Amino acid sequence: MRIHSNNSIKIKGARVHNLKNINVEVPRDKFVVITGLSGSGKSSLAFDTIYAEGQRRYVESLSAYARQFIGLMDKPDVDLIEGLSPAIAIDQKSCSQNPRSTVGTVTEIYDYLRLLFARIGIPHCPKCGKKIKQYSIDEIVKQAADSFTNKEIIILSPIIKDKKGEHKNILDGIAKAGYSRVRFDKNICALEELRDMNVDKNKKHSMDIVIDMLTVSKDKEDMARFTEAIEKAFDFSNGLVTISLTPSPSPADAVEGSYAKQESYNKIAPLSRNAVVGEGLGVREEITFSKLFACADCGISMPELEPRNFSFNSPHGACAECSGLGTKLEVDPELIIN
């Protein structure tokens, strides 16, 4: 079957070295293997004909100033070559004994690949696999406004995540800061009520400060209040904020200051994620954001992606086991023990 010239490199009358006036068509955009006996002209066709002509045409397209720095290859002994693009060749003779020399470094595409992954790569948490993203306050406000428009939400500051203890000193600090409610093990309760509870110090607990409760709207005053609540949540939780829908029906009383004072919320109200939370309470959702480059769920932080993170020659990107070599040096007992 004849290959169309647009999809192939057409060579006519190649007479370089051992080639005997041959005609051949090489498919483009395909992985092509040239095989044959030693001395049959494989290298003459690949390197001294196709590559030499491709490189020669590329250099001739450059300016006279640029050509003086690049050696111009001789024109191969061939009648016609069509469909040829600028070429890159890795000669089998130009090998390196350095283990850090790879196809990527030899072809000089390694630096471009590092830059590509650093700029468009999306990091994921190594523990839970979720995407890691750093959020600004404006991004959080916009996303929450789009997700919870005209809905009442609770702004929470996560301060304890699956830690054992009674955490009485933390409760004292919350009270001194002027907040009266927390979410303890997914249940909202009054701070004083939590003090009176028998908390099992041998079990892991989670606790969030209830920073504010408000209805999401496009009103400037509401948006300013929302922004202020997020900033306060960041101060307590080292850059984390959780935005949660309140149970339905929501409390009718207004929030004084930056924390809720409704007596109806003094009783514990279950608030598990994406679940029906009791008869007549409806379904609620929550989202946790981080202003740091870290997983909001696992707390695992990582540096922002940089080209050096993808370099096996840098301690920031090299494998800790092999130091970027790809091989490990180990002692052979048979060589040291007779």
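Read-outs throughout are calculated quantities, based only on the coordinates presented, and are distinct from any laboratory measurement. Since the model is a prediction, treat every value here as computed from it, not as a measurement. Here Cβ is always computed from backbone atoms with ideal geometry, including for glycine, and neighbour counts include all displayed protein chains.
Could you list, in their original order, any pairs among Lys151/Lys204; Lys151/Lys291; Lys131/Lys204; Lys168/Lys201 whose Cα atoms are separated by more than 20 Å?
Lys151/Lys204; Lys151/Lys291; Lys131/Lys204
Given all pairs of different Cα atoms, what value in angstroms does the Kirkwood hydrodynamic radius of the chain take?
26.7 Å is the Kirkwood radius here.
Got the relative contact order for the chain handy, in percent, Cα pairs under 8 Å and 6 or more residues apart?
Averaging sequence separation for qualifying contacts and normalising by length gives 16 percent for the chain.
If N is the number of residues in the stretch 61-125, what value comes out of its Cα radius of gyration divided by 2.2 N^0.38 Å?
It is 1.66.
At a Cα cut-off below 23 Å, give the lysines reachable from Lys30, other chains included and same-chain residues fewer than 8 away excluded.
Candidates past the 8-residue exclusion: Lys10, Lys12, Lys42.
Report the gain in length on full extension from Ser314 to Ile122: 0.36 nm times residue separation, minus Cα-Cα distance, nm rounded to one decimal.
Difference between extended and current length: 67.1 nm.
Output needed for the stretch 126-257: three equivalent-ellipsoid semi-axes, defined as square roots of 5 times the C-alpha gyration tensor eigenvalues, in descending order, whole Å.
Over the Cα atoms of the stretch 126-257, the ellipsoid semi-axes are 26, 19, 13 Å.
Using only DSSP helix segments of four residues or longer, with each worth -39500 (n - 2.57), what per-residue ellipticity at 222 nm results for the chain after dividing by its residue count and rounding to 500?
For the chain, the value works out to -6500 deg cm²/dmol.
Where a Cα-Cα gap under 13 Å defines reach, which aspartates and glutamates qualify for Lys163, not counting those fewer than 8 residues away within the same chain?
Asp185, Asp200, Asp208
Leaving out same-chain residues fewer than 8 places away, which aspartates and glutamates sit with a Cα under 12 Å from that of Lys130?
Asp297
Starting from the alpha-carbon convex hull of the stretch 8-82, give the projected area averaged over all orientations, in nm².
So the Cα hull casts an average projection of 5.5 nm².
Running a GNM on the chain with Cα contacts under 10 Å, which residue among Tyr179, Tyr110, Tyr51 ends up with the highest mean-square fluctuation?
Tyr51
Would you mind putting 117-130, 230-243 in packing order, based on average other-beta-carbon counts within 10 Å, highest first?
Put in order of decreasing packing, that is 230-243, 117-130.
For the stretch 1-72, what relative contact order do you get, as a whole percent, if you take Cα pairs closer than 8 Å and at least 6 residues apart?
Value for the stretch 1-72: 23 percent.
Separation between the Asp74 and Lys161 pseudo-spin-labels, each 7 Å from Cα along Cα→Cβ, expressed in nm?
It works out to 6.8 nm between the two label points.
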